[in-house]
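Notes follow the structure.
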Amino acid sequence: MDVLSELLDGVRARGALFQRTIMNSPWSLRFASGSPLTLATMLRGRAWIVPAEGEAVRVDTGDIAVIRGRAPYTVADDPGTVPQVVISSADYCGGAALDTEGDEDRERSALLLSGAYTGRGEISERLLQALPEVLVIPGGDQPLLDLMVQEIVTDSPGRQVMRDRLLDLILVSTLRTWFDRPGTDAPPWYGAIDDPVVGRALRLLHEDPAHPWTVAGLAAASGVSRAALARRFSSHVGEPPMTYLASWRIGLAADLLRETDATVASIARKVGYANTFALSVAFKRLRGITPTRHREATPVPE
């Protein structure tokens, strides 16, 4: 399995939240649902997404935006419009629209569709770390969006399962498109996959992260000298092989701590550390907290 497939393989919405919102200018919505990942698209009109940090990003009709992180963000007709409504997870509703337009002509109003992942275990932390705070894919032929709109307004049996799976498919399709776009702010390892030497080394590390890898052993398995691998890997990925492996192992451990009830000791062995102490030292060095504190601090859906 390639690195991107491994990251996307764990995407599983469970009871995702959806909302259609109809608005007339000036309008501004403050989203404070605490979702780790949200997808938004303008079915009509255009908007600006103003993240917790960074610059505002424009979204035109048919564009799909992915917003990462639990911090509140704003969606508005203009970055300077003051938020008029704060939307929490309790305000999402599958079939209804939050209608802020009064009696104005609906065909001239903006129409926003958003879908939010709700809980832990749905989105890999390793995937979240690979994404910018906001990314936007230009609109085009989007049959999945058409299906989503139909499911949002229907009360047919199985509607939540359909919505969850459609959200997963739209997210995977959007992220794959984004990763493949030239000039995108993708993580360094993504471009390195195409290098015959570095790509093989990455695949080996991802296929068996618990193996007691050394630079020499990884170089031999990749068919080059130790020095050549170290130089080439650092050039393409931006860090040495063992530094990358440590980060990947800790990312795996963070997901397992969040998604399972496995003991810290068993997680340590699964990701390549001899015992709880070794994992704790590495985890605290890279994350600033112990594995146990990370598990305790993981937000639980409402």
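The values are calculated or read from the model by the stated rules, or taken from the named source; none is laboratory data. It should be emphasised that the depicted structure is a prediction, and the values quoted were computed from it without experimental measurement. Neighbour counts are summed over all protein chains in view; Cβ atoms, including those assigned to glycine, are modelled from backbone coordinates with ideal geometry.
Restricting attention to the stretch 116-175 and to residues that are basic (Lys, Arg) and either closer than 19 Å to LEU8 by Cβ or in a loop (DSSP other than H, G, I, E, B) (or both), the residue that is modelled with the lowest pLDDT turns out to be ARG120. When the stretch 1-15 is filtered for residues that are within 18 Å of LEU175 (Cα to Cα), in a loop (DSSP other than H, G, I, E, B) and under 16 Å from the mean Cα position of the chain (by Cα), the ones remaining, listed by number, are GLY10, VAL11, ARG12, ALA13. Among the residues of the stretch 49-74, the one identified as in a strand (DSSP E or B), surrounded by fewer than 18 Cβ atoms within 10 Å (Cβ to Cβ) and modelled with pLDDT under 95 is THR61. Only one entry in LEU175, LEU167 is within 21 Å of ILE123 (Cβ to Cβ), buried (at least 18 other Cβ atoms within 10 Å of the Cβ), assigned by TED's automatic domain parsing to the domain that holds GLY140 and in contact with a helix residue (DSSP H, G or I) (Cβ under 7 Å, 6 or more places away or on another chain), namely LEU175.
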